[in-house]
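J.: One structure, as structure tokens, below. Some questions next.
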Amino acid sequence: MFKHSLDKNRTVIYIRKILLLLVVLSPLANIAESAILANRDKRGLRTYTIEGVLRLPEDEIDIGTAALILSREWGTQRTTHVYRRKIDNMSEAILAKLKEKHIPLDHRAINIINHYLFKELGFSSVDTAENPDDLFLHVVLEKKSGYCLSLSVLYLSIAERLGLPVYGVVVPGHFFVRYDDGKRRLNIETTSNGGSANDEHYLSKFSPPNSPRTLYMKNLTKKQTLGCFFNNLGNSYMKVGDTDKAFEVLLRAVQINPLLSEANMNLGNVYLKKKMPLQAVEQYEKALTIISNDAKAMNNLASAYMQLADYPKAESYYKTAMALDPEYIDVYRNLANAIQMQGRYEEAVGQLKAAVVLNPDDVNSFLLLGQICRQTEQFPDAEKYLLKALALDPLLSAANVSLGYVYLDQGRLQWAESTFQKALFHKDALPQAHFGLAQIYFQKDQLDREIQSYETALAYDPYMVAGLQNLGNAYVRQGNESAAVVAFQQAIEVEPQNTDLHYNLAVTYAKMKKHQQAVKEFSEAIALDSANAAAYNGIAISYYHLGNKELTATNARKAKAMGFDVQNALLKLK
């Protein structure tokens, strides 16, 4: 009995301990329950590639994880889990505050989120979106700052964990978030400490197109939000000079959001950078079907036609862009360039002078003014404008190069050489500066230095046709015809329709007594320019050495009829 009684007492004691433990733990159990995050079971949390994210149904995507996957691709060394834990901790802290204040998970939670993020934690907006790093969620978490899209992605990530119906919203040039439970809508500005603005504010300030076919001012899906992120990511890669990666990312942006004008325009910019103007035109035209009054898209479309050498069409589109935005300085400069390419130099100068009235410090307008004045041989004005450009930007290499050519054109060789030497400190100026130096050495009859300078210029720009042509000519003067042939052939690969290159190659073959090859190249030159009297004379000479009297006389007579001084011996053959 004693033993039985002892067991009974132990049972009572045990039960009491359990009850006491339950009493102690019950408040903690309530807190733990309140901290269960709404996204806890989403498949998106277990996805490790962006391709995997995009294959998921909308309701399985975790926007924070998707953004952090892109952070990893950008190059962060820390794992996705480290940053995701930070977002989870922030979300759990907000849940605790809501519980403490007895605030339900509806629109009333927005004030608590705003106060916590922007007041307690001190998240803020950056002044500009110039730094590509500021796009990425891991940077936002580390620096506690970002711009409209990156701060909005953080906000969306937290709202998703809380289970709040918050969506991304895009307007031209801006991104914000919106609470929308079907009964109440609240726009939230993440760059203004979570402040609210009505729809009319965005319609007035950003002028989104009022069409059911666009994404603007609508609640975006998560994939559409990621499409906006890809658009900005493409720009980030462009800023760091990775055109191929920008191209890949922007293709994806357009695939996800085909009705996002900015994505089409940015993809067009990449095509233009890659010298693919027809594809650029297609993208700019798509952008303009979405936002027809976009002056930048119209300007870029004109620039694509410039690359296609369709200067009248480019001029027309530049004028349309100017009508849409009369203070768009770039358009004045670009229009001037299109006009001067058509030989209307005085009119082009007028456009540029209008540009510098709008902006007296527009260095690129002064640069183009100097370049046009050089073309029209107004050398004092050319020098004045180029020196003005250099005063505004002493590191503007194009101005130094252009000024060097102004001095070279005037025979001021010492000034030209000194100016080109200054330009050699800038990588992007190296080919043209070395080319200019080579021409100085040509005038000084310093053949070895001339050849060396052309070779250096071509090392930086192997496709410089003028450099290849002049180098070939220099090799001929040096007596190195074999090297000249190689230079001319390389130039012809770049510009197969250049009649002068075929003529020079033909002359070189003739000097080497390779008259069969010479005839072929003279024939190419004549096919490209039937009025090329020198080519008819040259082919007549080669036919003479090949023993073809009939073709010798025929071509010699054609050359003479065009006014070329032909040897009588070629004309008298029968």
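J.: Multiply the residue gap between Glu51 and Lys572 by 0.36 nm, knock off their C-alpha separation, and tell me the result in nm, one decimal place.
T.: Additional length available on full extension: 179.8 nm.
J.: Ok, one more. Can you check what the net charge comes to around Leu324, using other residues whose Cβ is under 12 Å from the Cβ of Leu324 (Lys, Arg +1; Asp, Glu -1)?
T.: Charge balance near Leu324 sits at -1.
J.: Over all distinct alpha-carbon pairs, what is the Kirkwood Rh of the stretch 400-495 in angstrom?
T.: After inverting the mean inverse Cα-Cα distance, the result is 13.2 Å.
J.: Near Gln279, within a Cβ-to-Cβ distance under 14 Å, what is the net charge of the other residues, with Lys and Arg +1 and Asp and Glu -1?
T.: +2
J.: If the label point is 7 Å along Cα→Cβ of Asn193, which residues in the stretch 113-137 have backbone nitrogen under 20 Å from it?
T.: Only 113-128 pass the distance filter.
J.: Treat each spin label as a single point 7 Å out from the Cα along the C-beta direction, and report the Lys520 to Arg85 distance in nm.
T.: In this crude spin-label approximation the distance works out to 7.1 nm.
J.: Rounded to whole Å, give me the distance from the Cα center of the stretch 94-166 to that of the stretch 250-311.
T.: Comparing the Cα centres of the stretch 94-166 and the stretch 250-311, I get a distance of 34 Å.
J.: Kirkwood hydrodynamic radius (Cα pairs, Å) of the stretch 279-420?
T.: 15.8 Å
J.: Can you tell me what percent of all Cα-Cα pairs in the stretch 192-346 are more than 22 Å apart?
T.: 47 percent
J.: From the C-alpha gyration tensor of the stretch 39-220, pull out the three semi-axes of the equivalent ellipsoid (sqrt of 5λ each), sorted largest to smallest, in whole Å.
T.: Ellipsoid half-lengths, sorted descending, are 23, 21, 18 Å.
J.: What is the Rg over Rh value, at two decimals, for the stretch 119-183, using alpha-carbon atoms and the Kirkwood definition of Rh?
T.: Result: Rg/Rh = 0.99.
J.: To continue, here is another question. Cut-off under 17 Å on the C-alpha distance; same-chain residues fewer than 8 positions from Lys296 excluded. Which aspartates and glutamates are left, in chain and number order?
T.: Glu262, Glu282, Glu285, Glu315, Asp325, Glu327, Asp330
J.: Which whole-number percentage describes the relative contact order of the stretch 115-232, with Cα contacts under 8 Å and a sequence gap of 6 or more?
T.: Relative contact order comes out at 21 percent.
J.: Further question on the same structure: Using a cut-off of 16 Å between alpha-carbon atoms, which aspartates and glutamates can reach Lys572, once sequence neighbours fewer than 8 places away in the same chain are excluded?
T.: Straight-line reach from Lys572, under 16 Å: Glu550.
J.: May I ask for the net charge around Glu60, where only other residues with Cβ less than 14 Å from the Cβ of Glu60 are counted and Lys, Arg are +1 while Asp, Glu are -1?
T.: With Lys, Arg at +1 and Asp, Glu at -1, the neighbours total +2.
J.: May I ask you to order 93-102, 302-311 by the average number of other C-beta atoms within 10 Å around their residues, highest value first?
T.: Ranked from most to least packed, the peptides come out as 302-311, 93-102.
J.: Using only Cα atoms, what Kirkwood radius does the chain have, in angstroms?
T.: For the chain, inverting the mean 1/r across all distinct Cα pairs yields 29.6 Å.
J.: Which order results if Phe206, Phe366 are arranged by neighbouring Cβ count within 10 Å, fewest first?
T.: Ascending number of Cβ neighbours within 10 Å: Phe206, Phe366.
J.: For the stretch 491-574, what log10 I(q)/I(0) values come out of the Debye formula at q = 0.11 1/Å, with one point per alpha carbon and no solvent?
T.: For the stretch 491-574, the Cα-only Debye profile gives -0.25.
J.: For Cα pairs less than 8 Å apart in space and 6+ apart in sequence, what is the mean separation divided by the residue count of the chain, i.e. the relative contact order in percent?
T.: With pairs under 8 Å counted, the relative contact order is 5 percent.
J.: Over the stretch 477-560, what is the mean sequence separation of C-alpha contacts under 8 Å (at least six apart), divided by residue count, expressed as relative contact order in percent?
T.: Once divided by the residue count of the stretch 477-560, the mean separation gives 22 percent.
J.: Still on this model: Using 0.36 nm times the number of residues separating Gln255 and Ser211, minus their current alpha carbon distance, what extension gain do you get?
T.: Result: 13.9 nm gained on full extension.
J.: For every helix of n ≥ 4 consecutive DSSP H residues, a contribution of -39,500 (n - 2.57) applies; sum these over the chain, divide by its total residues, and give [θ] at 222 nm rounded to the nearest 500 deg cm²/dmol.
T.: -21500 deg cm²/dmol
J.: HN-Hα J couplings of the stretch 190-199 from phi, Karplus 6.51/-1.76/1.60, θ = phi - 60°, integer Hz, Gly and Pro as x?
T.: So the Karplus estimates, Gly and Pro as x, are 6, 8, 10, 6, x, x, 10, 9, 7, 4 Hz.
J.: While we're looking at this one, here's another question. Apply 1/(1 + (r/R0)^6) to the Cβ-Cβ distance of Leu358 and Asn293, taking R0 = 22 Å, and write down the FRET efficiency to the nearest 0.05.
T.: That pair, Leu358 with Asn293, gives E of 0.60.
Read-outs throughout are calculated quantities, based only on the coordinates presented, and are distinct from any laboratory measurement. Being a predicted model, the structure only gives us computed values, none of them experimental. Methodologically, a virtual Cβ is constructed for each residue, glycine included, from the backbone with ideal geometry; neighbour enumeration extends over all protein chains shown.
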